[in-house]
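Undergrad: Got a structure for you, questions after.
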Ligand SMILES: Nc1ncnc2c1ncn2[C@@H]1O[C@H](COP(=O)(O)OP(=O)(O)O)[C@@H](O)[C@H]1O
Ligand SMILES: [Mg+2]
């Protein structure tokens, strides 16, 4: 399929980006991979530097640019272009399916190394190929670096500790035992709670989540347990509590460390008696609820200091799942980046863009204090920022991640260009801060909504359809 088209794209690429040898790998019929090569690459034959580089690109799901193969002894040893150390450039084609497609170029040292501009051009061509592949592959399929499964709450992670998390979820999903999840903010506690709910027999019931720290105590009590009519001023009619709503489902208590001692006592009773009392009622109502709780506080310490009941703590943590911070599982960064890039590209109905090697390196070096949530928001921001190309570069990254970001791109050497560039960046920054809510953004930066809409159109900014970035 599309053989002619792929050859044609390769020809165009070679006109723009001179190369000695080239290779396009695409999925053929029945899952077989077909190679279309020129310049003396024999994909089926023995060792060749192109195999190693293609493998590397497929592994990471991101571009590989080797300026000087001679500087990589393990690569150049296996037959560089014309047996002379040179330069190589390879982009994976994630839409090519499980086996993975790729586009590869190399040339000898005499022709000079591949440049950032070459990468940019190849990224555009690869975007086009991905688009064609996604159309023919059926499944709309851009998946790479993630793991099977699918569904709304897909947990990505290959880290060892994370494998244990997965095994624990598997073990507890069919039981009713309370689960206690600890981990810094943004490590995926709610995602794990939801996954437990969705993968077990309670999935037909509701998953009700309450952030104990977000609601003041007297209100939280009636929210959790419900109230009778006239139980307090303002209680005009009776109301079921959230725990009742989770009957035959799962109740997720987030930030349980913020629960007051008064409510801790009431919660303990609900757990022990498997029933609740609405405020202003004496009759208990039976509830069949699985409790999952989470906190980013050190609850052992809270217990020691007398701020958290020990008996409740032991009741809640029958099964403990600890989520490590992202900085302690760096091997998960690339799969997560690809996962979110895929997801937001799909939402924005565009091919998944590539990260330039320096941009990717900055993402991999950053400490991610906000964990997966921060990474997710960053990837999404980058996709919006780089909506005019198929390559995310360093200047698209937030200042925290790219401290050198103040340099101006070539497009803005002239005043008008610099101003437009600033304007666009300023808008994107503000939009991202306001979770892409336009009304809020306009108010924050002090312009009218109409004015903001005009600027969004002027700069061709693509605002994600589903603005569901969560705040830290
Ligand atoms: N391992 C993971 N794989 C995919 N997405 C994740 C993962 N961990 C967290 N996320 C996403 O990051 C965001 C923050 O996760 P969340 O569960 O709300 O964290 P927490 O409750 O610990 O603050 C959510 O959008 C979640 O879907
Ligand atoms: Mg949370």
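Undergrad: For region 162-189, which residues satisfy the criterion of being crowded, with 20+ Cβ neighbours inside 10 Å and either part of a strand (DSSP E or B) or out of contact with any helix residue (DSSP H, G or I) (no Cβ under 8 Å at 6 or more places or on another chain) (or both)?
TA: Listed by number, the residues that qualify are 179, 180, 181, 182, 189.
Undergrad: Scanning for something at pLDDT 95 or above, buried (at least 17 other Cβ atoms within 10 Å of the Cβ) and within 14 Å of ligand 1 (Cβ to nearest atom), does region 236-243 turn up at least one residue?
TA: No: zero hits.
Undergrad: Also, I was wondering about something else. Looking only at residues that are surrounded by 21 or more Cβ atoms within 10 Å (Cβ to Cβ) and farther than 22 Å from residue 173 by Cβ in region 300-325, which one is farthest from ligand 2 (Cβ to nearest atom)?
TA: Residues of region 300-325 surrounded by 21 or more Cβ atoms within 10 Å (Cβ to Cβ): 308, 312, 316, 321, 323.
Going one step further and asking which of them are farther than 22 Å from residue 173 by Cβ, we end up with 308, 312.
On the way: 308: 19, 312: 20 Å.
Among those that are surrounded by 21 or more Cβ atoms within 10 Å (Cβ to Cβ) and farther than 22 Å from residue 173 by Cβ, it is 312.
Undergrad: Another question about this same structure. Got at least one residue in region 205-214 being away from ligand 2 (no atom under 16 Å from the Cβ), within 35 Å of the chain's Cα centre (by Cα) and at pLDDT 95 or above?
TA: Going through region 205-214, the residues away from ligand 2 (no atom under 16 Å from the Cβ) turn out to be 205-206.
So of that shortlist, the ones also within 35 Å of the chain's Cα centre (by Cα) come out as 205-206.
Now restrict to residues that are at pLDDT 95 or above: 205-206.
Within region 205-214, one or more residues are away from ligand 2 (no atom under 16 Å from the Cβ), within 35 Å of the chain's Cα centre (by Cα) and at pLDDT 95 or above.
Residues are listed down the side, and each one gets a yes or a no for (1) in contact (Cβ under 8 Å) with a residue 60 or more places away in the chain; (2) more than 15 Å from residue 355 (Cβ to Cβ); (3) over 26 Å from the mean Cα position of the chain (by Cα):
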| site | (1), (2), (3) |
| --- | --- |
| 95 | yes, yes, no |
| 99 | yes, yes, no |
| 111 | yes, yes, yes |
| 114 | yes, yes, yes |
| 119 | yes, no, no |
| 129 | yes, yes, no |
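The values are calculated or read from the model by the stated rules, or taken from the named source; none is laboratory data. The model shown is predicted, which means the values in this text are computed figures rather than measured ones. Note: ideal-geometry Cβ built from the backbone for every residue, glycine included; neighbour counts use all protein chains shown.
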